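Student: Before I ask anything, here is the structure I am working with.
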Amino acid sequence: MLTEQRPVAIVGAGLAGSLLAALLAKQGRQVLIVERRRDLRQVVVAAGRSINLALSTRGITALQLAGVDDLVLPLCVEMPGRLMHAPSGALTYQPYGSAGQSIRSVSRRDLNAVLLDAAEAAGASLRFETTCEDLDPDSGMLTLRDAASGALEQVACDFVVGADGANSAVRIALRGRGHLTDVETTLEHGYKELNITPNDDGSFRLERAALHIWPRGDFMLIALPNPGGDFTLTLFLEVAGARGFDAIAEPAAARAFFEEHFADALALMPDFDEQWAARPVSRLSYLHTSTFHAGDRALLVGDAAHAVVPFYGQGMNASFEDCTILMQLLDAHEGAFSADLCRDYTAARKPNGDAICALALGNFIEMRDKVASPSFLFRKRIEAALHALEPERFIPLYTMVTFSNRPYAESQERARRQDGWLDEALSRIGCSLEQTDQDPAAIAPRLLESLPLPH
Ligand SMILES: Cc1cc2nc3c(=O)[nH]c(=O)nc-3n(C[C@H](O)[C@H](O)[C@H](O)COP(=O)(O)OP(=O)(O)OC[C@H]3O[C@@H](n4cnc5c(N)ncnc54)[C@H](O)[C@@H]3O)c2cc1C
């Protein structure tokens with residue numbers, strides 16, 4: 001039968017696309033993955049130029065499903081907490097979760113390479129330097145352009161998954177045919193990535209086991225460690241205006257800005273001026289899409305469906321979770337891609353895409369501003385003490401989002417109830433968050449006695 005000869009096509013061999021290709025090909029399906037860039041496994045990355053991502057439980061769950069967690073986890077650097085750098089140089093540490101819980105810094109390139117190897121080993125066909133130009137979701141006809149020759153080709157597919165990132169050509173094709181609407185919102189803040197190289201002996205120049213944050217109100221610098229001993233730094237700052245990237249475009253102005261706000265980090269970058277001049281400023285945006293599928297032949301995963309701002313470290317994790325849920329739904333639908341499966345996929349993923357989008361925006365304010373506040377950190381310590389006493393009944397939001405597979409929307413809703421409860425219980429026992437020298441472990445039982453926990 002003709003349909004059986006048609007592949008399931010995945011557009012985009014980034015993180016979600018290559019993972020999904022591995023998962024589908026492992027089931028013995030004929031999988032074709034098309035990627036507009038060169039094969040990143042053939043491209044040499046200059047030392048100290050790696051870009052890293054924070055991997056957490058949802059991502060690891062998907063990697064386990066694909067059987068590649070054993071290959072990826074050794075590539076990671078564990079970050080059990082965040083280390084805040086005050087303008088004075090003083091450091092404050094806050095654990096992310098309970099003992100043994102860490103987020104993990106992993107190189108985007110190395111992770112993607114593992115996933116491409118897994119997809120290939122499972123039997124997927126990979127076509128690089130091939131751009132998706134269009135998709136007709138009614139017929140499953142993909143229009144592809146070969147980068148070398150410029151030639152167009154039509155490929156008839158059984159089913160098409162758009163895993164082609166925030167500017168997804170698949171999504172644009174579905175929108176153009178009236179299957180969905182989308183709204184992309186660009187933040188006033190952009191970002192620039194820099195690097196701190198290792199010491200001559202290969203050791204780290206900053207504490208290795210932490211995500212570093214320099215919170216400065218409406219802007220911030222962060223640094224994540226890489227296994228090679230270097231750190232990837234990201235400055236988040238408004239693009240325009242007197243205090244934005246535009247105003248410090250020249251290295252001398254940027255150096256003065258760093259001397260004022262990030263002197264300890266600047267001291268670790270002897271080549272700051274060259275880095276500053278060479279690195280671009282990128283924009284940040286997030287995306288709302290009305291539905292993640294079209295009919296019975298096409299759906300979207302990852303950033304193509306729900307790009308989020310990076311402040312919760314969940315964009316990739318959410319994208320991987322899309323793949324986990326899609327595979328569960330395929331099982332529930334006896335392995336068949338169908339209109340029902342597509343509808344169930346949107347029903348399962350859209351509320352969670354919306355939730356992580358809102359949570360990520362909220363976390364920007366937490367990271368750049370609130371983590372510098374002693375009363376905010378004190379409240380977090382109280383939450384940790386409550387969690388230690390009632391691990392199943394009081395779970396901090398960060399723990400639910402980062403260290404569990406509980407759906408994002410459910411986590412968001414539960415956290416709202418817990419927040420309301422904590423405000424009320426604190427007022428009942430007359431506890432002020434300004435008195436940060438109190439012992440959270442002594443306060444937590446009093447809170448629990450004062451008011452029943454919400455369900
Ligand atoms: C600064 C920053 C920091 C981040 N940090 C984190 C973090 O710590 N943790 C986390 O979980 N997430 C993080 N993210 C988010 C994460 O990068 C994304 O959510 C993730 O890359 C999404 O994966 P994806 O496969 O959907 O898209 P992508 O990784 O963007 O992959 C899309 C692929 O499709 C290809 N493509 C595009 N168009 C076409 C076309 N027309 N034809 C063929 N191929 C095409 C692209 O070349 C690319 O390879 C961060 C994002 C940013 C910007």
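Student: Just to be sure before I move on: is LEU180 closer than 30 Å to ALA21 by Cα, touching a helix residue (DSSP H, G or I) at 6+ places or on another chain (Cβ under 6 Å) and more than 16 Å from the ligand (Cβ to nearest atom) in the structure I sent?
Tutor: Here the answer is yes, as LEU180 does meet what is asked.
Student: So which residues in the stretch 11-22 are more than 6 Å from the ligand (Cβ to nearest atom) and farther than 19 Å from ARG297 by Cβ?
Tutor: Result: SER18, LEU19, ALA22.
Student: Looking at the structure I just gave you, is ALA355 more than 9 Å from the ligand (Cβ to nearest atom) and within 30 Å of LEU235 (Cβ to Cβ)?
Tutor: Considered against the rule, which asks whether it is more than 9 Å from the ligand (Cβ to nearest atom) and within 30 Å of LEU235 (Cβ to Cβ), ALA355 comes out as yes.
Student: Looking at the stretch 105-123, which of its residues are outside any helix (DSSP H, G or I), more than 10 Å from the ligand (Cβ to nearest atom) and within 25 Å of the chain's Cα centre (by Cα)?
Tutor: SER107
Student: On to the next question. Of the conditions (1) away from the ligand (no atom under 15 Å from the Cβ); (2) in a loop (DSSP other than H, G, I, E, B); (3) in contact with a Gly (Cβ under 8 Å, 6 or more places away or on another chain), ALA99 fails just one. Which one is it?
Tutor: Going through (1) away from the ligand (no atom under 15 Å from the Cβ); (2) in a loop (DSSP other than H, G, I, E, B); (3) in contact with a Gly (Cβ under 8 Å, 6 or more places away or on another chain) one by one, ALA99 breaks only (3).
Student: May I pose another question? I'd like the full set of residues that are more than 16 Å from the ligand (Cβ to nearest atom) and not in a loop (DSSP other than H, G, I, E, B), limited to the stretch 215-237.
Tutor: PRO215, the sole residue that qualifies.
Student: As an exercise: evaluate HIS306 against (1) crowded, with 18+ Cβ neighbours inside 10 Å; (2) closer than 25 Å to MET79 by Cα; (3) within 20 Å of the chain's Cα centre (by Cα) and give the number of the one condition it does not meet.
Tutor: The single condition HIS306 does not satisfy is (2).
Student: Among (1) outside any strand (DSSP E or B); (2) touching a residue at least 60 places away in the same chain (Cβ under 8 Å); (3) in the same structural domain as PRO310 (by TED's automatic domain parsing), which single condition is VAL72 missing?
Tutor: (2)
Student: Please verify whether the stretch 33-46 includes one or more residues that are more than 20 Å from THR130 (Cβ to Cβ), within 15 Å of the ligand (Cβ to nearest atom) and out of contact with any helix residue (DSSP H, G or I) (no Cβ under 8 Å at 6 or more places or on another chain).
Tutor: Taking every residue of the stretch 33-46 in turn, none turns out to be more than 20 Å from THR130 (Cβ to Cβ), within 15 Å of the ligand (Cβ to nearest atom) and out of contact with any helix residue (DSSP H, G or I) (no Cβ under 8 Å at 6 or more places or on another chain).
Student: Yes or no: ALA62 modelled with pLDDT of 95 or more, away from the ligand (no atom under 16 Å from the Cβ) and not in a loop (DSSP other than H, G, I, E, B)?
Tutor: Judged against the criteria, ALA62 is not a match.
Student: Additional query: Got at least one residue in the stretch 132-145 being over 16 Å from VAL8 (Cα atoms), within 14 Å of the ligand (Cβ to nearest atom), in the same structural domain as VAL11 (by TED's automatic domain parsing) and not in a strand (DSSP E or B)?
Tutor: no
Student: Only one residue in ASP322, ASP354 is of a type in the set (D, E, K, R), surrounded by 22 or more Cβ atoms within 10 Å (Cβ to Cβ) and touching a residue at least 24 places away in the same chain (Cβ under 8 Å). Which one?
Tutor: ASP322
Student: Give the residue that is surrounded by the fewest Cβ atoms within 10 Å (Cβ to Cβ), with candidates limited to residues of the stretch 154-167 that are within 13 Å of the ligand (Cβ to nearest atom) and not polar (S, T, N, Q).
Tutor: Once the filter is applied, the top-ranked residue is ALA166.
Student: Criterion first (under 14 Å from LEU15 (Cα atoms) and either β-branched (Val, Ile, Thr) or part of a loop (DSSP other than H, G, I, E, B) (or both)) does ARG37 satisfy it?
Tutor: Yes; evaluated as a whole, the condition is true for this residue.
Yes/no per residue for (1) closer than 17 Å to ALA16 by Cα; (2) hydroxyl-bearing (Ser, Thr, Tyr); (3) at pLDDT 95 or above:
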position: VAL68; (1), (2), (3): yes, no, yes
position: HIS85; (1), (2), (3): no, no, yes
position: LEU91; (1), (2), (3): no, no, yes
position: SER105; (1), (2), (3): no, yes, yes
position: ASP110; (1), (2), (3): yes, no, yes
position: ALA113; (1), (2), (3): yes, no, yes
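The values are calculated or read from the model by the stated rules, or taken from the named source; none is laboratory data. Remember, predicted model here, so these are calculated numbers, not experimental data. Cβ: placed from backbone, ideal geometry, glycine included. Neighbour counts: every protein chain shown.
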